[in-house]
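Asker: Mind having a look at this structure? Questions to follow.
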Amino acid sequence: MDTLSRHWAILNMIPRKGFRTSSIDILERLRTEYDIEVDLRTVQRDLRILESQFPLDCMESRPSSWKWSEDAPVLTLPIMDPLAALTFRLVQDSMKRMLPRAAVSSLEGYFRAADDRLKKLPDSNLSHWPDKVRVVSRSLTLEAPEVDENVLDSLYEALQHEICFEVEYRTRSGKGKIYVASPLGLVFVDNIIYLVATLNDHDDPVQLLVHRMKSIKLLPDKPVIVPEGFKLQSYIDKGEFGYPLGGMIKLKVLCDKKAVPYLYETKLAPDQKLIEQAGEKVLLEATMRDDVQLRWWLKGFGEQVEVKEPISLRQEFVEMSKAMSSVYNI
């Protein structure tokens, strides 16, 4: 059973498309992911045994590298569990672009098996579940910018293996720049992909738009150095993707009651208050982050909201209203 478990683990490690895996990589993953301690010679012998039984493609090198042959059938249990089939279907529909292309390619067989499994369960509620759930954004939907697939593949590889890369990047002005990037994470904002990274020898994380990357050269001998205390979620929670303009502010906004009915059920902030006013008005009070996103939200209401405090923000909207009046010759 130990040998069978080891062979099954090795088969699951071998990629289906894209980058190969080496016998040394497999040895390390057996130890770290499966708590299986063997020597390199055992792994090499296992691979040769498996090669005789499964459509594996070996590139003779030092060390040897492996992947599945083209169009090799997916390796799975004879019958996929219905819940597992549903999970693969939802991953295919909603999370596919968050995975490296090599990983997606290796999952294609599972996606097909999942579809077949659900089609054979026409009377099961699970088979119809994907038709009953959707994710909808209330923001204006923008078309996804074109991203070079080779760039994306290299970016995923650098992120997975925690290595730096040299990137040719196009700035907003169209000027080309060369950076040495130390990737820290990817953030998907609607249809736009951002790379959070440190550049050159700087420690402060910045954001790069992936669709502006023209080429990537991996630097395998230069490992990623993560800034002390950095966590991707903490970086997001600080409001970095809301384009911060300052710290926290005490927001007071007089709103038409009909404009913000959802705020009675979902809060902008934990300390939010809605104070009823005369004339079908409501005063919104909340501690908010001072950022561009807050201004976008307020601007969307037009004349239905009046910023009361802070005074500096109110003055911004006064000046903006004057500027808009001049644009429309009012």
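The values are calculated or read from the model by the stated rules, or taken from the named source; none is laboratory data. Note that the structure is a prediction, hence the values are computed from the model and not measured. Heads up, the Cβs are rebuilt from the backbone with ideal geometry, glycines too, and the neighbour counts pull from every protein chain shown.
Let's see how each residue does on (1) in a helix (DSSP H, G or I); (2) small (Gly, Ala, Ser); (3) closer than 30 Å to SER215 by Cβ; (4) modelled with pLDDT of 95 or more:
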site: PRO130; (1), (2), (3), (4): yes, no, no, no
site: VAL133; (1), (2), (3), (4): no, no, no, no
site: THR141; (1), (2), (3), (4): no, no, yes, no
site: ALA144; (1), (2), (3), (4): no, yes, yes, no
site: LEU155; (1), (2), (3), (4): yes, no, yes, no
site: SER173; (1), (2), (3), (4): no, yes, yes, no
site: LYS177; (1), (2), (3), (4): no, no, yes, no
site: VAL196; (1), (2), (3), (4): no, no, yes, yes
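Asker: Now for a different question. Using the structure shown, decide if VAL91 is in contact with a Lys or Arg (Cβ under 8 Å, 6 or more places away or on another chain) and at pLDDT below 85.
Answerer: Spelling it out, it is not the case that VAL91 is in contact with a Lys or Arg (Cβ under 8 Å, 6 or more places away or on another chain) and at pLDDT below 85.
Asker: Separate question: Given the structure, is LEU218 in the same structural domain as PRO183 (by TED's automatic domain parsing), of a type outside the set (Asp, Glu) and modelled with pLDDT of 95 or more?
Answerer: Against the criterion (in the same structural domain as PRO183 (by TED's automatic domain parsing), of a type outside the set (Asp, Glu) and modelled with pLDDT of 95 or more), LEU218 qualifies.
Asker: I need the full set of residues from the range 98-128 which are part of a helix (DSSP H, G or I) and under 21 Å from the mean Cα position of the chain (by Cα), in order please.
Answerer: Passing the criteria: MET98, ARG101, ALA102, ALA103, VAL104, SER105, SER106, LEU107, GLU108, PHE111.
Asker: Residues of the range 179-193 being more than 16 Å from LYS222 (Cα to Cα), surrounded by 14 or more Cβ atoms within 10 Å (Cβ to Cβ) and touching a helix residue (DSSP H, G or I) at 6+ places or on another chain (Cβ under 7 Å), which ones?
Answerer: GLY185, LEU186, VAL187, ILE193
Asker: Do you know which residues across the range 198-233 are in a loop (DSSP other than H, G, I, E, B) and more than 14 Å from ALA181 (Cβ to Cβ)?
Answerer: GLU228, GLY229, PHE230, LYS231
Asker: Which condition number does ASP57 fail, the rest of (1) loosely packed, with under 14 Cβ neighbours inside 10 Å; (2) without any contact (Cβ under 8 Å) to a residue 60 or more places away in the chain; (3) of a type outside the set (Val, Ile, Thr) being met?
Answerer: The single condition ASP57 does not satisfy is (1).
Asker: Identify the residue in the range 162-178 that is touching a residue at least 24 places away in the same chain (Cβ under 8 Å) and not hydrophobic (A, V, I, L, M, F, W, C) and, among all such residues, is farthest from LEU219 (Cα to Cα).
Answerer: Top of the filtered list is THR171.
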